[in-house]
Structure formats: structure tokens, C-alpha cells
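This report refers to the structure that appears directly beneath it.
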Amino acid sequence: MKPIASDRGIIVGVTGGIACGKSTVSELLSKKGAIPINSDAIGHQMLKRGSPVMGALLEAFGVDILDESGDVSRQKLGAIVFNDKAARERLNAIMHPPIVEKSRSEANRLVTEDANCVVLIDAPLLIEANSQDTVDVIVVVTASTQTQLQRLSERAIAQNRPPNQAEDQARIDSEIKLSEKVKNADFVI
């Protein structure tokens, strides 16, 4: 844990693997007064028609990634990147910088305005984006692979999609190992 200035609030980065419970941890901490910033939500906004990264996404992946409304389909894009490391790296190079910048900017504004606040950046790819320096404290949320697969299956059913264990396993495998994330942690849940 790096030294924290006493004249500003604290920025906590909550990270971990897919379906490990990051959002649940962030939600519980926000109920205790922490201010959440959801990096996934910022990323989802960037997939909307007219976003600043749309041109780069279309250039990298083509128009087949669009849905009927002209937004980027997360399912279509995911089908490309979770099985292709080079494509995933292209996507991350396009998406990470603006997501990190927006999260960092908002968090810094909040902690500067209120020296007593705790800001949570829910950032699944905090370590992959090499953004550890943007937070004061890193919390890594872990779960067993079996728990991750079960939660992904439940998530698919809740979204009226058929579960696909092979695709879910590919998503888990596409991330850096939880043991690597834990090496960067100040706290592990």
C-alpha cells in the first residue's frame, strides 16, 4: 500500500476475475459510504454510437461488431476477442486509455473535493491495464473457477441466453491468473 496524503480522500481499486464478486464487494462498500466508479459501465458507454473510440473499434474489428441500433454488440465483440489474444490486445489498446483516464479524472476530482471520502474504482482490468498507480489501495476479489463458471451460467440464464461453459471458460482463461492479481493486492477477498 502506498502512502496516502492526508489532505485528500482515498481511492480504492477493486479488481479480480470475471464473476468473482467485484461488483458485489463494491456495492457493499458503497452502502457503507464509499463512492463507486464502475469502469465496466464507462466501457459500455464507449460502445455506444458516436463515442470517441467508435472509429478505432470499427477500423480494428469491422462493421460486423455492430448491432441493429449501430452500437457495438458486446457479444459479437466478445466472440472475437476472447478467443484471439492479438484481437484482445488491440481492443485493450483502444479501450483502456480512455477508461482509465475517465476513471482517474473522476476519482481525483472526488477525493480532492472531500478529504474524508473513499472512492471505489470497480476495475476488472486494473492490473492488465497497468493502472495500479491510479489507486491508493488495491482490493482483489477472488473465487474458484467452478464458482466463476456457475455465476457466468446463472448470468447467462438471467439475460435469457443459453449458458455456454466453453465460452465462459475461454473468458476466464483470457484474463491473467488470479494469483498474479493477488500479488498486486493490498487486501484479498
Restricting to region 69-93, give me the number of residues that are of a type in the set (V, I, T) and either touching a Leu at 6+ places or on another chain (Cβ under 6 Å) or not in a helix (DSSP H, G or I) (or both). 2
Residue that is within 23 Å of I37 (Cα to Cα), out of contact with any Ser or Thr (no Cβ under 8 Å at 6 or more places or on another chain) and small (G, A, S), where the choices are G50, G55: G50
Taking region 96-110 as the search range and keeping residues that are of a type in the set (A, V, I, L, M, F, W, C) and modelled with pLDDT of 95 or more, which one is surrounded by the most Cβ atoms within 10 Å (Cβ to Cβ)? A107
Taking only region 114-132 into account, find how many residues are surrounded by fewer than 18 Cβ atoms within 10 Å (Cβ to Cβ) and either among the aliphatic types (A, V, I, L, M) or without any contact (Cβ under 8 Å) to a residue 12 or more places away in the chain (or both). 2
Could you list all residues from region 18-55 that are touching a helix residue (DSSP H, G or I) at 6+ places or on another chain (Cβ under 9 Å), at pLDDT 95 or above and small (G, A, S)? A19, G21, A34
Would you kindly identify the helices (runs of 4 or more DSSP H) lying entirely within region 1-68 that contain at least 3 residues that are polar (S, T, N, Q)? 22-31
Criterion first (of a type in the set (S, T, N, Q), surrounded by fewer than 12 Cβ atoms within 10 Å (Cβ to Cβ) and over 17 Å from V137 (Cα atoms)) does S6 satisfy it? no
Of the conditions (1) touching a Phe, Trp or Tyr at 6+ places or on another chain (Cβ under 8 Å); (2) surrounded by fewer than 11 Cβ atoms within 10 Å (Cβ to Cβ), the single one that K85 does not satisfy is (1)
In region 122-159, which residues are closer than 19 Å to D186 by Cβ and hydroxyl-bearing (S, T, Y)? S131, T134, T142
So if I check each of V118, V140, V182, which one is at pLDDT 95 or above and over 27 Å from E89 (Cβ atoms)? V118
Could you grab me the full set of residues in region 36-45 that are among the aliphatic types (A, V, I, L, M) and surrounded by 19 or more Cβ atoms within 10 Å (Cβ to Cβ)? I37, I42
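The values are calculated or read from the model by the stated rules, or taken from the named source; none is laboratory data. What you are looking at is a predicted structure, and each value in this text was computed from that prediction instead of being measured. Here the Cβ is made from the backbone with ideal geometry for all residues, glycine too, and neighbour counts use every protein chain on show.
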